[in-house]
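To start, the structure under review is shown below, and the notes come after it.
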Number of protein chains: 4
Amino acid sequence: MTHNRAPMLHDHASLIVYGDDRPGIVAAVAGMLARHGANIVALDQHTDDVEAGAFFQRTVVHVKDLAAALPALEKDLAGTVGDELGLRWRLRDLSVPLRVAILASKSDHCLLDLLWRQRRGELPVVVPMVISNHPDVADDVRFFGVPFFHVPSQGADKRAAEAELLRLLAGNADLIVLARYMQILSGSFIEQVNVPIINIHHSFLPAFVGAGPYQKAKDRGVKLVGATAHYVTEDLDEGPIIEQDVIRVSHRDSVAELVRRGADIERQVLSRAVLWHCQDRVIRHDNQTIVF
Amino acid sequence: MTHNRAPMLHDHASLIVYGDDRPGIVAAVAGMLARHGANIVALDQHTDDVEAGAFFQRTVVHVKDLAAALPALEKDLAGTVGDELGLRWRLRDLSVPLRVAILASKSDHCLLDLLWRQRRGELPVVVPMVISNHPDVADDVRFFGVPFFHVPSQGADKRAAEAELLRLLAGNADLIVLARYMQILSGSFIEQVNVPIINIHHSFLPAFVGAGPYQKAKDRGVKLVGATAHYVTEDLDEGPIIEQDVIRVSHRDSVAELVRRGADIERQVLSRAVLWHCQDRVIRHDNQTIVF
Amino acid sequence: MTHNRAPMLHDHASLIVYGDDRPGIVAAVAGMLARHGANIVALDQHTDDVEAGAFFQRTVVHVKDLAAALPALEKDLAGTVGDELGLRWRLRDLSVPLRVAILASKSDHCLLDLLWRQRRGELPVVVPMVISNHPDVADDVRFFGVPFFHVPSQGADKRAAEAELLRLLAGNADLIVLARYMQILSGSFIEQVNVPIINIHHSFLPAFVGAGPYQKAKDRGVKLVGATAHYVTEDLDEGPIIEQDVIRVSHRDSVAELVRRGADIERQVLSRAVLWHCQDRVIRHDNQTIVF
Amino acid sequence: MTHNRAPMLHDHASLIVYGDDRPGIVAAVAGMLARHGANIVALDQHTDDVEAGAFFQRTVVHVKDLAAALPALEKDLAGTVGDELGLRWRLRDLSVPLRVAILASKSDHCLLDLLWRQRRGELPVVVPMVISNHPDVADDVRFFGVPFFHVPSQGADKRAAEAELLRLLAGNADLIVLARYMQILSGSFIEQVNVPIINIHHSFLPAFVGAGPYQKAKDRGVKLVGATAHYVTEDLDEGPIIEQDVIRVSHRDSVAELVRRGADIERQVLSRAVLWHCQDRVIRHDNQTIVF
């Protein structure tokens, strides 16, 4: 796995190719790219031989005047990679930032970390909006010049709240990040919003699924606590894991202290997962991820 | 938590005191020790204020001619700490090695690591015997000058095997270590053998309890795998955790590779737990541990 | 070492005692505390026996009506611990936040992390001012309600700049934190300001002392980069180390990426060091630290 | 970086290609491999764009009847990759174990770890001999069925000892591992033995070069100690770093304890470096390494 790299690259594109393995894919793709004058500057490839041959590849290419070259490149990919080789592919212009909408509740640690990193140029994204079911973080968000919307979840029925979320998000986001958004999204919402959703769970999944993981960790007497960033699916806490990390704790840490110390690892794990997604490093495969 | 320190100390004793908290315990214990000419060289104390006051303390004292001084010291502890303060206590002469019997199966990594650390003086223990349900490791064990006994578990009924284990272990061990011993011990055995038992579980408990944790980890797509050393209780994989650690893995690691790489973390976690137990650093409290 | 715990505690005080070891210190101090009705809630003790007996102890006590009890307690400490035992001691009311002034340059990651932790109640401090030799971070600082002063270092002679710093800081800070302040402070300044100064160095000291550590790390081809928080002394990068940590890097990371990824470890290491200092967990001893 | 994977692979070969970058290398190499019926099962590529274009690539291919196919493949590589593209290349049959000779002194931790891993099938190597300047480890080595030679360094002049080493090693090893061999090898020896030499240094280089690093670490009061595996060059402790790791220490650890605890990290770091070298994952470039 290659860790977080330079965020935004002029005239660079990432190409993801995956599907059933067969001999000659690397050569066919590389040959096609060479014919378009695309210079390969990074290439990661993985063959999942255990399960009899899934093929995964991420290539970063430099193409002079990329924007102009894209249509022909994409047409050739559709023919050569899609039709002839029968593989799935996607091409992303790495100079175009993704639009990342953030959903939060009262906690500010994951939210502010993402906004700081975006402002500092660490994350190749724009943040079109932050939505929270509590008004607490409004001033902080707006200080960054980012629109804030308050969509209460308490009291209102859940369906109405999700309809309001959909109205705000539809067409305005390429990715939704749940930055400690403490509401469960319905399968219907996930389907309709139709962009990937990344959640940060405050435990080392699959340990301590559900609510109150730090209390559960304290009760079980574990010596490490962690955090997990994963894609959201209909099955709560069961989506494909993108990144995890842990910190050492001891009998001296109360639940409140686990919460506080865990916050540090949550924000790091989430920001890495968001960066990798936005650099198109993550391929979902069954309920797992390949992270190049 | 203080990590592993010098293994065996002439004229040093560790004193564990714990029970309901009240003002003045530290002063009472320290005063009593001072009256016996015992110089405190290390002291760790913890008050579990969240749950309204359990008190835990580990003191290491240096006493000239410790063996001669022990009876009077113990009598005073029974009176002052036991009767007057109503606390539980135990005193260990740190120059006397614990007798640690090891149960293994076919895997040698945890077993050899313990034998080798004992030989090089890292573990303050003697190993009176190694018992395995397979004969594979016999030569290795005997090369270290340690008796090896083969007590098969396959084919024979479990009750007979446990009876044979009891016959060998009874009175000959202060601690039993399950160094990847792949058999489940019955509650009756645990009760009758009547010394602490430490197991190494090849996952980051409570994730992936039971058999085949590396396969389960691969299936769930986790990004870290770990190991857990815990005291054995009747509830499989549910005993008090002593130590845990993890390593980073990726989509590139097959199950076989997880097994191989996990072995490194298993032997480290187990050897730390055994060392800490033998230095009397671990206090069991409900289903948790205080590790000083 | 005990890691970061609950930040601010009503009616709690920390007592640091250190000096030449001798039998009976723990008992004498604990007895004295008991006579004042001070209940010991945490105690860490260390004897540096290798170098023939330095004694270090940190005690946290709970005293009802601490403010009223302090004068008598301090008088007794001066007599019993200072005069009779010949030890150095200090007592801190843990409900009184330290005044921490922050010096920064253009980088915001360490600065914002400290301000944000203070605001969310993680750091038991008040921040009376932030001073920078660049105006870039002024708005961010003032958004937190903290005064910002711009004291340029370029162009102006260094002596004048330090005089201006002294004028602002004198009497207004209990601790000065250099949050990636890229100026070297003179011995004269350090002496006159007369409060501890904590610096974050962007390498794993003593590797890569001086400027440009990430470039040096890249040139040497190291596989880990780190950060070091230390007290500032006249010897640049040579002061007592409080905390260090590292992250894994590879040939894929450019210098710019080392800078970016190192920033994450810098802010964590610095915030831990500041927290521990403010909880009075750190004892300087020769050119080293005891961190309880 | 890809971590340690399955050790030995029938009909698999690794191909390393590196040199000045230019468009089309990946396609040319992949095309050539495809023409030989070689299926790419893993590919890592790196372009060092900062320094204007060095290209590095490691490919693992599966070829039916590899041994029979090798001559034609190598001839084509020499023409296509060597002559036409002007790149350096090497091809290794991954089913053929490397011959790894180990040099040791009195310490057994790194030595035994390598022998255990070799026996367990974790390291794709054979160990033709262990040479030590002390006889202490002879029995342990021979228990593994490995020849042991004692070549004293004390008393004898260094030149004679190195001549004896050369006589034993010449033609019998593909790699020499210094498993805590405490002698400095001359430039003349390094040149004449003419195979790579990997050393384990017991510090986090470049901190604490030279002798006694744990004492130096204690004196400096660092909070982490580490180990470094590197290729040996004439410049002591200055060769290309392959792998490094660290562990957390504190004021409680004496120098003896740093030595003991450091031994754990030394053996892990060394075994990883040896594995990666033997899997042909490491490319030396100037004074650095690319580890795929």
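Bear in mind that the values in this text are calculations on the coordinates, not laboratory data. Predicted model only: the values in this text are computed from it and were never measured. Glycine gets a Cβ as well: all are built from the backbone with ideal geometry, and neighbour counts include every protein chain shown.
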* Taking every residue in B:215-221, how many Cβ atoms of other protein chains lie within 10 Å of its Cβ, on average? -> 4
* Relative contact order for the range D:105-171 using alpha-carbon pairs under 8 Å, separation at least 6, rounded to a whole percent? -> 27
* Could you work out the local net charge near residue D:288, counting Lys and Arg as +1, Asp and Glu as -1, over the other residues with Cβ closer than 9 Å to its Cβ? => +1
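Which percent, to the nearest 5, of DSSP beta bridges fully inside the range C:98-291 are antiparallel?
50
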* Which value results for Rg/Rh of the range A:74-211 when Rg is the Cα radius of gyration and Rh the Kirkwood radius based on the inverse mean 1/r? -> 1.04
* Structure fact -> Taking the range D:216-292, the equivalent ellipsoid from its C-alpha gyration tensor has semi-axes in Å, biggest first, of 27, 14, 9
* How many percent of the alpha carbon pairs in the range D:91-165 exceed a separation of 15 Å? -> 56
* Structure fact -> The equivalent-ellipsoid semi-axes of the protein assembly as shown, taken as the square roots of five times the Cα gyration tensor eigenvalues and listed largest first in whole Å, are 47, 41, 31
* Structure fact -> Label points for residue B:10 built 7 Å along Cα→Cβ; distances to same position in the other copies, nm, shortest first, come to 5.4, 5.9, 7.4
* Asked: By per-residue mean of other Cβ atoms within 10 Å, what is the highest-first order of D:86-93, D:113-120, A:174-181?
  -> A:174-181, D:113-120, D:86-93
* Asked: Per residue, how much space in cubic angstrom lies within the convex hull of the C-alpha atoms of chain A?
  -> 143
* What FRET efficiency, computed as 1/(1 + (r/R0)^6) with R0 = 22 Å and r the Cβ-Cβ distance, is obtained for residue C:234 and residue C:192, rounded to the nearest 0.05? -> 0.95
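Mind checking the mean number of beta-carbon atoms from other chains within 10 Å of the Cβ atoms in A:244-252? Provide the component values of the computation, followed by the final result.
Working: counts 7, 4, 6, 1, 5, 2, 9, 11, 9.
Per residue, the average neighbour count from other chains is 6.
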* Of A:106/A:216; B:223/C:106; B:106/B:218; A:216/C:223; A:223/D:216; B:218/D:64, which sit over 25 Å apart, Cα to Cα? -> B:223/C:106; A:216/C:223; A:223/D:216; B:218/D:64
* To do: Indicate the gyration tensor shape class of the range D:200-248 (rounded, prolate or oblate), computed on the Cα atoms with a ≥ b ≥ c the square roots of the eigenvalues: a/c under 1.5 is rounded; otherwise a/b larger than b/c is prolate and the rest oblate.
  => oblate
* State, to one decimal in nm and shortest first, how far the label point of residue B:184 sits from each corresponding label point in the other identical copies (label point: 7 angstrom along Cα-to-Cβ). => 3.0, 6.1, 6.8
* **Packing-based exposure ordering (other Cβ within 10 Å, fewest first) of A:278, C:110** => A:278, C:110
* Structure fact -> Protection proxy (average C-beta count within 10 Å per residue), highest first, orders D:267-274, D:17-24 as D:267-274, D:17-24
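How would the range A:134-292 be classified by its alpha-carbon gyration tensor: rounded, prolate or oblate, with rounded meaning a/c under 1.5 and the a/b versus b/c comparison settling the rest?
Since a/c reaches 1.5 and a/b is larger than b/c, the shape of the range A:134-292 is classed as prolate.
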* Asked: When Cβ neighbours within 10 Å are restricted to other protein chains, what is their mean count per residue of peptide A:28-35?
  -> 5
* Highest average packing first - D:64-74, B:125-135, Cβ atoms within 10 Å -> B:125-135, D:64-74
* Name the residue farthest towards the positive end of the dipole of the range B:1-129 from the options B:114, B:10, B:86, assuming +1 on Cβ of Lys and Arg, -1 on Cβ of Asp and Glu, about the Cα centre. => B:114
* DSSP beta bridges in the protein assembly as shown [antiparallel fraction, %, rounded to 5] -> 70
* To do: Considering Cα pairs under 8 angstrom that are at least six residues apart, work out the relative contact order of the range A:1-132 and quote it in whole percent.
  => 32
* Grab the residue from chain A whose Cβ hugs the A-to-C rotation axis most tightly, plus its distance in whole angstrom. => A:143, 3
* Asked: What number, rounded to the nearest 500 deg cm²/dmol, is the helix-based mean residue ellipticity at 222 nm of the protein assembly as shown, given -39500 (n - 2.57) per DSSP H run of at least four residues and division by all its residues?
  -> -9500 deg cm²/dmol
* To do: Please tell me the relative contact order of chain D in percent, rounded to the nearest whole number, where contacts are Cα pairs under 8 Å and at least six residues apart.
  => 17
* Structure fact -> Heads up, the range A:12-93 by the C-alpha gyration tensor (a ≥ b ≥ c square roots of eigenvalues; a/c under 1.5 rounded, else a/b over b/c prolate, else oblate) looks prolate
* Using a simple charge model, +1 on the beta-carbon of Lys and Arg, -1 on the beta-carbon of Asp and Glu, nothing else, what dipole does the protein assembly as shown show about its Cα centre, in debye to the nearest 20? -> 0
